[in-house]
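Novice: Pasting a structure below so you can have a look.
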Amino acid sequence: MAAVESEMLELGTTAPEFSLPDPDGTLHSMGRDARASLVMFICNHCPFVKHVREQLAALGREYGPQGIAIYAINSNDIETHPSDGPMYMKAEAETWGYTFPYLLDEDQSIAKAYKAACTPDFFLFDADLKLVYRGQLDDSRPGNKMPVDGGDLRAALDSVLAGTEVSREQKPSIGCNIKWKPGNAPDYF
């Protein structure tokens, strides 16, 4: 299992807008009335995502009701990785209890706009849609026996909700590379 680090988009970057379909075809766009917005790049098959998916569901249950808009985006090439296709995304969301929309970035333009590099990759924006956190969920990785507690991301979410500054000490996320379509890999990858 080859691991790739996130690109660590510059703090203060304005959230790139999107309008993406969920597995049923309903379009979802970044909301403007949330206390904060969390954008997570995930997929179904990645062992790093499988390792944290229960924590992702817990984040949705806990932070969604507190005014955090949460979006999961799958940007993998579904032709080369059909297990990441829409019908499997729907089953994944239902199985793990995702309370947030799980969206398909079929042309991979949104992954490029966010400079997403791996799954999982996390981006937290404040109420003004300015990037305040990007990086890892926590220190846990498959096989390292560290608890999957979402500590790093939870600390950032709690800071935003409390109206305090998010720590600028942020570690990159580590996971599987996004599966780019042939000839579509961005120049940062």
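Novice: Would you say residue 103 is of a type in the set (A, V, I, L, M), more than 12 Å from the chain's Cα centre (by Cα) and over 28 Å from residue 146 (Cα atoms)? Please lay out each step first, then the result.
Specialist: Values: of a type in the set (A, V, I, L, M): yes; more than 12 Å from the chain's Cα centre (by Cα): no; over 28 Å from residue 146 (Cα atoms): yes.
Spelling it out, it is not the case that residue 103 is of a type in the set (A, V, I, L, M), more than 12 Å from the chain's Cα centre (by Cα) and over 28 Å from residue 146 (Cα atoms).
Novice: Also, quick follow-up: Can you name the condition, by its number, that residue 62 falls short on among (1) in a helix (DSSP H, G or I); (2) surrounded by 20 or more Cβ atoms within 10 Å (Cβ to Cβ)?
Specialist: In the conditions (1) in a helix (DSSP H, G or I); (2) surrounded by 20 or more Cβ atoms within 10 Å (Cβ to Cβ), residue 62 misses (2) alone.
Novice: Moving on. Would you say residue 89 is touching a strand residue (DSSP E or B) at 6+ places or on another chain (Cβ under 9 Å), crowded, with 20+ Cβ neighbours inside 10 Å and part of a strand (DSSP E or B)?
Specialist: On the way: touching a strand residue (DSSP E or B) at 6+ places or on another chain (Cβ under 9 Å): yes; crowded, with 20+ Cβ neighbours inside 10 Å: yes; part of a strand (DSSP E or B): no.
Against the criterion (touching a strand residue (DSSP E or B) at 6+ places or on another chain (Cβ under 9 Å), crowded, with 20+ Cβ neighbours inside 10 Å and part of a strand (DSSP E or B)), residue 89 does not qualify.
Novice: I'd like to check something: does the stretch 9-16 contain any residue that is surrounded by 11 or more Cβ atoms within 10 Å (Cβ to Cβ), among the hydrophobic types (A, V, I, L, M, F, W, C) and closer than 13 Å to residue 117 by Cβ?
Specialist: So far as the stretch 9-16 goes, yes, one or more of its residues are surrounded by 11 or more Cβ atoms within 10 Å (Cβ to Cβ), among the hydrophobic types (A, V, I, L, M, F, W, C) and closer than 13 Å to residue 117 by Cβ.
Novice: May I pose another question? Name the single residue, out of those in the stretch 40-63 being of a type outside the set (Val, Ile, Thr) and in contact with a strand residue (DSSP E or B) (Cβ under 6 Å, 6 or more places away or on another chain), that is nearest to residue 110 (Cα to Cα).
Specialist: 41
Novice: Given the criterion of a type in the set (Lys, Arg) and over 23 Å from residue 86 (Cβ atoms), identify the matching residue among 181, 112, 145.
Specialist: Working: 181 fails: over 23 Å from residue 86 (Cβ atoms); 112 fails: over 23 Å from residue 86 (Cβ atoms).
Going through 181, 112, 145 in turn, the sole match is 145.
Novice: Which members of the stretch 65-81 meet the condition of being free of Cβ contacts under 8 Å to residues at least 60 places away in the same chain and either within 28 Å of residue 184 (Cβ to Cβ) or crowded, with 22+ Cβ neighbours inside 10 Å (or both)?
Specialist: Answer for the stretch 65-81, where residues must be free of Cβ contacts under 8 Å to residues at least 60 places away in the same chain and either within 28 Å of residue 184 (Cβ to Cβ) or crowded, with 22+ Cβ neighbours inside 10 Å (or both): 69, 70, 71, 72, 73, 74, 78.
Novice: Quick one: how many residues across the stretch 17-37 are in contact with a helix residue (DSSP H, G or I) (Cβ under 7 Å, 6 or more places away or on another chain) and crowded, with 17+ Cβ neighbours inside 10 Å?
Specialist: 4
Novice: Determine whether residue 35 is touching a residue at least 60 places away in the same chain (Cβ under 8 Å) and of a type in the set (Lys, Arg).
Specialist: yes
We did not get these values from a lab; they are worked out from the coordinates using the rules stated. Small disclaimer: the values here were computed from a predicted structure and weren't measured. Methodologically, a virtual Cβ is constructed for each residue, glycine included, from the backbone with ideal geometry; neighbour enumeration extends over all protein chains shown.
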